[in-house]
1. Give me the dipole magnitude in Debye, nearest 20, for chain A about the Cα centre, with unit charges on the beta carbon: positive for Lys and Arg, negative for Asp and Glu.
2. When Lys and Arg each count +1 and Asp and Glu each count -1, what net charge do the other residues less than 14 Å away from residue B:73, Cβ to Cβ, add up to?
3. Determine the residues within segment B:1-48 where the difference in accessible area between the chain on its own and the full set of protein chains amounts to at least 20 Å²; count protein heavy atoms only and use a 1.4 Å probe.
4. Take the solvent-accessible surface of the protein heavy atoms, probe 1.4 Å, and return the percent of it on segment A:47-115 that carbon and sulfur atoms account for.
5. Any chance you could look up the accessible area of residue A:62 with a 1.4 Å probe, heavy atoms only, rounded to 10 Å²?
6. What is the dipole size for the protein assembly as shown, taken about its Cα centre, with +1 at each Lys and Arg Cβ and -1 at each Asp and Glu Cβ, in debye to the nearest 20?
7. How large is ³J(HN,Hα), in whole Hz, for each residue of segment A:60-68 in order, when computed from phi with the Karplus curve 6.51 cos²θ - 1.76 cosθ + 1.60 and θ = phi - 60°, using x for Gly and Pro?
8. Calculate one ³J(HN,Hα) per residue across segment B:43-50 by plugging θ = phi - 60° into the Karplus curve 6.51 cos²θ - 1.76 cosθ + 1.60, and present them in order as whole Hz with x for glycine and proline.
Amino acid sequence: SAVISQKPSRDICQRGTSLTIQCQVDSQVTMMFWYRQQPGQSLTLIATANQGSEATYESGFVIDKFPISRPNLTFSTLTVSNMSPEDSSIYLCSVVWGSHGNEQFFGPGTRLTVL
Amino acid sequence: AQKVTQAQTEISVVEKEDVTLDCVYETRDTTYYLFWYKQPPSGELVFLIRRNSFDEQNEISGRYSWNFQKSTSSFNFTITASQVVDSAVYFCALSEGRVSGYALNFGKGTSLLVTP
């Protein structure tokens, strides 16, 4: 299985600022995803970040608010821009493992609180 | 439309009881994958199982078992002889493979509380 780390593990930020979350994988993976989990809610896909192509955003998420970088096969960043309290969530990256997408592993998450 | 339905929001059982968590899914794809994840209070998502649409064989792993029935579009999860450490939120998820680029559609989760 892939081992995934995220930095920071948690942060408390002020309204209007931005935070960049890092996702590091111990193996090369093509497909990577970013999810958001709002308090007490399920996980919602933000975007797909495949290496070699622009990130693809889901409905309700835009690049200006959540810019993503995927410079290589083991690393990605998600930035939460111009934060508001509604952005308080756990942000998780995940990777697809196996040739048929039949394993998906998640990072430990970044718990963000916006004041 | 909700592709994964976990109708049970919260379940509370006493230790050693058996408990089944329901999951009903919806897809038009013939090739898809179903997953169960556990999210304990610490917050990390723990992968439990994945099933592909061509494999309806039920699976048992220790106290955990999964019942996949395509006829009813269900993928239910049973914990036998529950323990306090099983207390967590459990998510069922669907991946439609190439259609979705392997991204996961999650159900709303079932919060399981096991009391001593």
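1. Dipole about the Cα centre, nearest 20: 220 debye.
2. Summing Lys and Arg as +1 and Asp and Glu as -1 gives -1.
3. Going by heavy-atom accessible area, the residues of segment B:1-48 that drop by at least 20 Å² are B:33, B:35, B:37, B:39, B:43, B:44, B:45, B:47.
4. About 52 percent, which is the carbon plus sulfur part of the accessible surface.
5. Per-residue accessible area (residue A:62): approximately 80 Å².
6. Using Cβ point charges on Lys, Arg, Asp and Glu, the protein assembly as shown gives about 360 debye.
7. Each residue of segment A:60-68 in turn: x, 10, 10, 5, 5, 8, 10, x, 10 Hz.
8. My calculation for segment B:43-50 gives x, 6, 9, 10, 5, 10, 6, 9 Hz in order.
The values are calculated or read from the model by the stated rules, or taken from the named source; none is laboratory data. As the structure is a computational prediction, the values presented were derived from the model and not from experiment. A quick note on method: Cβ atoms are made from the backbone with ideal geometry, for glycine too, and the neighbour counts reach across all protein chains shown. The area values use the complete protein model at the heavy-atom level, side chains included, leaving out ligands, DNA and RNA. Shrake-Rupley method; radii C 1.70, N 1.55, O 1.52, S 1.80 Å.
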